[in-house]
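For reference, the structure is listed below as structure tokens.
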Amino acid sequence: MDRIERVDVLVASPGRNFVTLKVTTADGLVGWGDATVNGRELAVASYLRDHVAELLLGRDPGRIEDLWQYLYRGVYWRRGPITMAAIGAVDMALWDILGKRTGQPVYQLLGGRVREGLLAYRHAFGWETSELLDAVDRQLADGYRAVRVQTGVPGLRTVYGVSREARYEPAGRAAVPLEEEWDSAAYLASVPAAIGAVREHVGSGVRLLHDAHHRLTPIQAARLGKAVEPYDLFWLEDVTPAEDQEAFRLVREHTTTPLAVGEVFNTVWDAQHLISHRYIDYIRAAVVHAGGISHVRKLFAFADVYGVKAAPHGPSDISPIAFAASVHLCTATHNFGIHEYMGYPQQVHEAFPHAWHVADGYLQPGDEPGLGVSFDESLVEGHPYQPAYLPVARSLDGTLVDW
Ligand code: GCO
Ligand code: MG
């Protein structure tokens, strides 16, 4: 029987901060995991280095579920983004090792393909509607069939999901979070028309999504959902903070616009009420933030019972390793809905060589044994961690609000 012989926690910043776990077995097999939590990378690195690595040495890498239970139930202080990202990284690495040992891609170990490709959605943003329409056209020209649309808000200098740069990278490199402003009234007064303009521009065949990013009260969320019904959104995302799962009943009572939530969730229990009451249509947990393939697989299976579909978070701030694990999982998940693909700078693609790819707007896992991804360790030297935090937001009267 093989044994875990070495555990390395690699923090590097090829374009942005990533935390990568490398697990090496006595037989020389290497498994890779992502442990990146945007803005709290060092917390997860320490959790792994100081409290997990030693526990893994000498153990059987094939006991994936037992090790998951050991790291979840065995630590007493369970759940939360830091713990579950650390567990997620270990879990991804062990599935990667199992695939390499058996010569099988992970999706095959999970039961095999249930579809020919994963529908992907891209981001389009523009301060003015005309810029947004151009951004949508660029994604459609690249062959994508689903686009998230985000636009400026009159009177605001900063808005979530909209950048003055070509790429939108929310974590600003600074010693303290940047402060942004917010005004829900101005947003509610302007965003339905912007979405309507996009719908008129693209016609009925393109899937359009929008992310409200936790900022509305439940009744405001209900109002927005109702206002955009004529534009047939694929979903409205994070319409109201999801800790208050029961708040979604109010939203549900007022609108048939599909709802998506869950990128900040870390376990099935965060979404248990939402899913079992069918308050949402899509669950967005990311493999890296919710305990890895083993736990997110259970979350998606729980969602399947209630007709809720899997739609994983796929931003540029989870690494191509977690992205690979998510694509493998969804390739073998029947109740899959859509996969976010924000995309990466070329530097990140090169730092994390990967077999997953996009063809004609659909994601493919590749057929290499394991996850089909690795990390170029030589980058650790020249690309040290740099403090970078997600912004905070305040309303125009200075009150701190959800960013
Ligand atoms: C999305 C998310 C991101 C997050 C970011 C946090 O739907 O892709 O809302 O934009 O804000 O991933 O690190
Ligand atoms: Mg989101």
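The values are calculated or read from the model by the stated rules, or taken from the named source; none is laboratory data. For clarity, every value in this text was computed on a predicted model and none was experimentally measured. As a convention, Cβ positions derive from the backbone with ideal geometry for all residues, glycine included, and neighbour counts pool all protein chains shown.
Under the condition of being farther than 29 Å from G172 by Cβ and surrounded by 24 or more Cβ atoms within 10 Å (Cβ to Cβ), which residue from segment 301-328 is farthest from ligand 1 (Cβ to nearest atom)?
Among them, the one singled out is H328.
Exactly one of these conditions fails for D367: (1) within 16 Å of ligand 2 (Cβ to nearest atom); (2) within 17 Å of L109 (Cβ to Cβ). Give me its number.
If we test D367 against (1) within 16 Å of ligand 2 (Cβ to nearest atom); (2) within 17 Å of L109 (Cβ to Cβ), just (1) comes out false.
Inspect all residues belonging to segment 218-231 and state whether any of them is part of a strand (DSSP E or B) and either buried (at least 22 other Cβ atoms within 10 Å of the Cβ) or touching a strand residue (DSSP E or B) at 6+ places or on another chain (Cβ under 7 Å) (or both). It would help to see each step written out before you state the result.
From segment 218-231, those part of a strand (DSSP E or B) are none; that's our starting set.
Among the residues of segment 218-231, not one is part of a strand (DSSP E or B) and either buried (at least 22 other Cβ atoms within 10 Å of the Cβ) or touching a strand residue (DSSP E or B) at 6+ places or on another chain (Cβ under 7 Å) (or both), which makes the answer no.
Only residues in segment 289-315 that are in a helix (DSSP H, G or I) count as the first member; pair them with residues that are polar (S, T, N, Q) and within 16 Å of ligand 2 (Cβ to nearest atom), Cβ under 9 angstrom, at least 6 apart or cross-chain, and list the lot.
Sorted first by the residue in segment 289-315, then by its partner, the pairs are I293/S326; H295/N266; V296/S326.
If you take the residues in segment 84-138 that are buried (at least 24 other Cβ atoms within 10 Å of the Cβ) and acidic (D, E), which one is farthest from A290 (Cα to Cα)?
D96
Of the residues A359, A393, which is under 30 Å from G112 (Cβ atoms) and either touching a Pro at 6+ places or on another chain (Cβ under 9 Å) or not assigned by TED's automatic domain parsing to the domain that holds E41 (or both)?
A359
Which one of the conditions (1) surrounded by 23 or more Cβ atoms within 10 Å (Cβ to Cβ); (2) away from ligand 1 (no atom under 16 Å from the Cβ); (3) β-branched (V, I, T) does V358 fail to meet, given that it meets all the rest?
(1)
If we keep just the residues of segment 235-278 that are in contact (Cβ under 8 Å) with a residue 40 or more places away in the chain and β-branched (V, I, T), which is farthest from T83 (Cα to Cα)?
Among those that are in contact (Cβ under 8 Å) with a residue 40 or more places away in the chain and β-branched (V, I, T), it is V264.
Got a sec? Which strands (runs of 3 or more DSSP E) wholly within segment 322-401 have at least 3 residues that are within 30 Å of D183 (Cα to Cα) and of a type outside the set (D, E, K, R)?
Counting at least 3 such residues, we get 392-395.
Which one of these is at pLDDT 95 or above, closer than 23 Å to P315 by Cα and under 23 Å from the mean Cα position of the chain (by Cα): T151, T158?
T151
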